[in-house]
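Okay, so here's the structure we're looking at.
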């Protein structure tokens with residue numbers, strides 16, 4: 001066997017065909033997570049099944065607390081993080097909603113916990129298929145929120161997420177999301193990096209809280225008053241100051257996210273745009289599709305077809321949803337003419353969240369681009385290339401006519417097929 | 001049996017806490033920390049103990065305390081324990097979860113049941129003041145029959161939940177009842193529990209002057225009456241074996257028990273009890289002791 005063959009063999013061994021869920025589990029293993037706590041839910045469950053397997057095979061020396069609910073899962077994670085361990089979990093949809101109370105507890109205490117979220121729609125009606133509703137409903141709790149487009153990105157983003165979350169300049173929890181089934185259960189080649197290299201990239205956690213150091217007595221998270229408290233023992237911030245610090249940490253995290261992304265690229269040779277959004281064919285484009293996750297993957301195909309029609313269309317796939325990178329997006333979109341937003345979520349009673357947030361972010365630009373939003377693929381309805389293409393045509397047509405509206409526009413609905421159906425059985429009022 | 005000279009002089013709670021005058025819980029907490037010592041981490045949900053611990057920037061104890069949302073005490077203790085295991089510090093440090101009756105029997109029961117089922121190595125102490133006292137005396141699953149609270153102005157329907165029995169059904173190695181009026185009994189039990197591996201459950205009755213309606217000076221008296229009337233038997237269940245605790249042992253004989261009216265009549269919360277309800281109490285106490293008697297006999 002020659003040396004070159006041997007090298008190739010090692011490389012081949014490092015590439016595994018993995019589902020998105022297993023890519024996340026491998027990242028946890030290689031990040032040497034110390035405490036994991038989770039509760040099963042579709043389509044996330046294979047993440048924690050794989051972790052249980054790693055632990056039983058001795059490939060991961062973690063404590064896995066198999067709790068009786070997601071609420072407890074995140075409560076275990078918070079307490080274990082406060083005791084000084086690197087911790088993480090995974091969940092979906094109702095599991096994330098059930099964790100809700102603990103989400104601001106983690107961010108308020110600045111606990112660098114990582115959640116993997118295999119996205120899934122929220123009931124009712126009951127559904128196990130993907131959309132981004134679970135991901136967007138937690139946008140105001142103070143977590144960093146990433147969303148991925150392929151399984152390599154899930155693995156890479158997890159490794160980066162630990163480093164970002166544990167950065168002493170911020171200490172924030174983070175969510176790494178990916179579409180349920182579309183990524184969670186689909187196998188793709190994923191390059192796993194050597195453990196030594198990962199250890200160099202991601203050193204052990206040096207936490208700002210450590211209950212296990214019993215010589216350093218602390219009361220973590222007692223009742224905190226509206227105002228600053230001054231007493232003989234010293235001055236303590238009020239709730240308002242704590243929450244200001246959380247907001248500042250989130251604002252500051254954008255640069256750290258870019259920094260860690262660059263470091264990862266230098267070390268491992270893979271990058272995802274600038275670490276906060278990815279672009280495709282945007283240089284000469286005057287029309288940009290703006291979306292995230294599985295919808296962005298579909299849009300990659302759609303823009304190729306649209307270009308054959310002579311339309312100069314590009315894509316911005318948002319990777320960092322929180323903190324919202326408003327300044328970067330404002331800079332990017334300042335010279336663009338048209339933006340068409342596809343939301344696999346909806347701010348019920350208003351419009352798609354990506355759509356209205358982008359409109360707000362671009363307010364104040366001298367030459368504001370035209371923006372129109374569409375809703376697609378709720379509850380796992382297929383998002384087809386033709387839906388995206390029709391959306392682009394529809395939007396460009398509306399812009400030409402000067403029609404601008406916040407009214408929601410659902411693509412891929414099949415109301416025609418239901419015309420003989422008693423409406424009252426699926427919605428009231430019509 | 002320990003005597004008062006055996007109690008460590010070291011106090012783990014700083015003076016001047018925000019607990020009410022005559023608080024049974026403050027006494028229980030003081031004794032528990034004396035028994036467990038400095039190598040302890042405490043976790044506390046929303047409760048009167050949160051009030052005792054006071055406001056930000058200062059810890060009222062010489063032991064670290066992690067405050068956790070209402071429903072999560074059992075999970076929070078599990079997380080601390082898991083992290084200690086992860087760090088190889090497991091043997092040295094005791095994890096104490098200290099929750100009120102609402103945080104134990106109502107909103108906290110799921111996380112506690114999960115932690116017990118997993119055999120988590122920790123002590124869960126429920127201090128039971130028999131209502132949501134910290135939020136203004138609303139009824140809980142641990143409020144006794146006929147008690148007036150702000151949400152049961154005409155008296156609570158049904159008896160309190162028998163939480164020690166529920167925990168016993170989990171097959172954990174140690175379950176005990178206690179009361180603030182017998183601190184030496186409590187001290188001994190906490191000492192014992194510290195050396196037992198697995199989940200240890202304490203259900204400790206905690207008289208509450210504002211919530212129960214009596215003078216703060218009477219906390220010890222009221223608690224003793226709870227034991228002397230047979231309403232609150234003190235016992236341990238160690239690996240399934242039932243042991244009546246010394247302060248309660250003579251009340252196995254019904255003639256030694258004081259009439260339940262002596263306990264009920266000195267508290268304003270029982271003011272609206274009917275004669276029929278008092279009869280129900282007598283039956284309740286008799287049945288409870290019959291069961292204890294049978295159990296002790298079956299072990300002989």
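The values are calculated or read from the model by the stated rules, or taken from the named source; none is laboratory data. Being a predicted model, the structure only gives us computed values, none of them experimental. No Cβ is skipped: glycine too gets one built from the backbone with ideal geometry, and neighbour counts run over all protein chains shown.
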Filtered residues of the range B:50-60 (kept if in a loop (DSSP other than H, G, I, E, B) and either at negative phi or more than 7 Å from every other protein chain (Cβ to nearest Cβ) (or both)): B:56, B:58, B:59, B:60
Strands (runs of 3 or more DSSP E) within the range A:45-151 that include 2 or more residues surrounded by fewer than 24 Cβ atoms within 10 Å (Cβ to Cβ), within 14 Å of chain B (Cβ to nearest Cβ) and in contact (Cβ under 8 Å) with a residue 24 or more places away in the chain: A:63-66
Filter result for residue A:269 (at pLDDT 95 or above and closer than 28 Å to residue A:172 by Cα): yes
Members of the range B:39-48 that are within 21 Å of residue B:193 (Cα to Cα) and more than 7 Å from chain A (Cβ to nearest Cβ): B:40, B:42, B:44
Looking only at the range A:206-241, and only at residues there that are more than 20 Å from residue A:108 (Cβ to Cβ) and touching a residue at least 40 places away in the same chain (Cβ under 8 Å), the one that is nearest to the other protein chains (Cβ to nearest Cβ): A:212
Tally of residues being buried (at least 20 other Cβ atoms within 10 Å of the Cβ) and at the interface with chain A (Cβ under 7 Å from one of its Cβ atoms) across the range B:61-74: 9
The range B:231-278: number of residues that are assigned to a helix (DSSP H, G or I), free of Cβ contacts under 8 Å to residues at least 12 places away in the same chain and farther than 16 Å from residue B:294 by Cα: 4
Breaking point among (1) more than 9 Å from chain A (Cβ to nearest Cβ); (2) without any contact (Cβ under 8 Å) to a residue 12 or more places away in the chain; (3) crowded, with 24+ Cβ neighbours inside 10 Å, for residue B:25: (2)
Some residue of the range B:192-204 being under 16 Å from the mean Cα position of the chain (by Cα), assigned to a helix (DSSP H, G or I) and crowded, with 16+ Cβ neighbours inside 10 Å: yes
Residue B:85 within 7 Å of another protein chain (Cβ to nearest Cβ), surrounded by fewer than 21 Cβ atoms within 10 Å (Cβ to Cβ) and either more than 23 Å from residue B:175 (Cβ to Cβ) or without any contact (Cβ under 8 Å) to a residue 24 or more places away in the chain (or both): yes
Enumeration of residues in the range B:279-300 that are in a helix (DSSP H, G or I) and without any contact (Cβ under 8 Å) to a residue 12 or more places away in the chain: B:279, B:283, B:287, B:290, B:291, B:294, B:297, B:298
Search result, residues across the range A:242-267 that are closer than 17 Å to residue A:157 by Cβ and either within 14 Å of another protein chain (Cβ to nearest Cβ) or out of contact with any strand residue (DSSP E or B) (no Cβ under 8 Å at 6 or more places or on another chain) (or both): A:256, A:258, A:259, A:260, A:261, A:262, A:263, A:264, A:265, A:266, A:267
